[in-house]
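A quick write-up on the structure given underneath.
The values are calculated or read from the model by the stated rules, or taken from the named source; none is laboratory data. On a predicted model such as this, the values are computed, not experimentally measured, just so you know. Neighbour counts run over all protein chains shown; Cβ positions are idealised from the backbone, glycine included.
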Amino acid sequence: MSPLWHDEIGVYLSPHRLCLVRMQRGVRPKPIAEHEQPLESAQAAGWSAPLDALEALLAQPAWQGAHLRVVLADHWARYTIVPWVAELSSTEEQLAHARQLLTSIYGEVVSDWDLRLSQTPPQTARVVCTIPVALLEGIRAACAKHAVKLTSLQPQLIAAYEAWRHCLPPSNAWFVTVEQGSLAAARIGQHGWDRVHSVRIGSDWTRELKRLQTFGRLASNIPEEGQVFVDAPHAWREVAAGAAGASAAAGGLHWLEEEGGPMTTLQRLVRARRLAA
């Protein structure tokens with residue numbers, strides 16, 4: 001194998017579960033290792049237990065000598081849409097404006113979190129995401145300790161959207177990703193995301209899907225538009241489909257299914273996460 005083709009490890013980190021996949025790179029990448037474990041912590045919202053579990057695995061030879069792509073559960077992420085403001089010309093001004101919006105929505109608790117703005121053309125809205133700095137520092141420290149190169153770190157909604165993007169319409173639809181304890185959704189508009197919705201969920205999470213179906217129908221007068229595309233754990237879909245009723249497809253609800261053929265590291269990680277939950 002060419003030394004330029006490093007193996008890639010995909011990591012899904014949440015308060016409840018840790019999933020890893022290792023892909024052998026080459027002309028035809030293939031999975032060579034997978035790991036999944038449930039996590040129990042006295043602090044359900046904390047990240048100490050997930051980070052400890054990740055670090056323990058990175059210490060093992062099977063998970064060394066590769067580049068790492070980490071996906072963080074939306075439990076730890078906060079999002080909003082930042083409208084275009086022509087007067088804000090510098091990056092510093094744009095970031096300050098985005099932080100002000102986040103703080104107004106989520107409170108001072110996010111005021112010192114790490115913040116990232118999406119790159120979009122001028123005069124279009126942008127997506128901002130913020131994640132606790134201590135969590136990010138913990139991941140980077142674990143990678144540095146075990147000499148693993150961290151090549152990407154994304155929240156669940158962003159990573160899942162990229163993995164499923166080829167299956168989604170170009171506009172006028174909702175993309176939803178569901179994981180234990182959290183549901184996050186983005187509405188795809190004419191110029192990218194124009195709305196983001198996230199909520200903590202329990203056993204009644206199908207209510208949120210019904211709400212998004214209603215939003216989709218109200219937002220569009222064209223039957224083919226305003227549909228809801230759902231990335232959800234395999235075991236949850238039968239239950240949700242029954243709760244939504246036989247007319248779910250007619251109402252614009254679509255369950256995303258993995259396609260056959262080669263997968264990227266993140267697509268394989270999506271599959272592992274969906275099977276494990």
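Filter region 161-202 for residues that are outside any strand (DSSP E or B), among the hydrophobic types (A, V, I, L, M, F, W, C) and at pLDDT 90 or above; which is farthest from Met263 (Cα to Cα)? Step by step, filter region 161-202, then rank; the result is Leu168.
As a summary of the residue check, Ala49 satisfies the conditions (1) within 19 Å of the chain's Cα centre (by Cα); (2) hydrophobic (A, V, I, L, M, F, W, C); (3) surrounded by 13 or more Cβ atoms within 10 Å (Cβ to Cβ) except for the one numbered (1).
Listed here are the residues, each with its yes/no results for (1) surrounded by 13 or more Cβ atoms within 10 Å (Cβ to Cβ); (2) among the acidic types (Asp, Glu); (3) touching a residue at least 12 places away in the same chain (Cβ under 8 Å).
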| residue | (1), (2), (3) |
| --- | --- |
| Ala98 | yes, no, yes |
| Gln119 | no, no, no |
| Ala125 | yes, no, yes |
| Val128 | yes, no, yes |
| Val133 | no, no, yes |
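Across region 182-212, the number of residues qualifying as surrounded by fewer than 19 Cβ atoms within 10 Å (Cβ to Cβ) and within 14 Å of the chain's Cα centre (by Cα) comes to 3. I'm checking my understanding of the structure. Among residues of region 67-95 that are small (Gly, Ala, Ser) and at pLDDT 95 or above, which one is surrounded by the most Cβ atoms within 10 Å (Cβ to Cβ)? Per the stated criteria, the residue is Ala73. For region 14-42, the set of residues classified as over 21 Å from the mean Cα position of the chain (by Cα), in contact (Cβ under 8 Å) with a residue 24 or more places away in the chain and not in a strand (DSSP E or B) consists of Arg25, Gly26, Arg28, Pro29, Ser41, listed by residue number.
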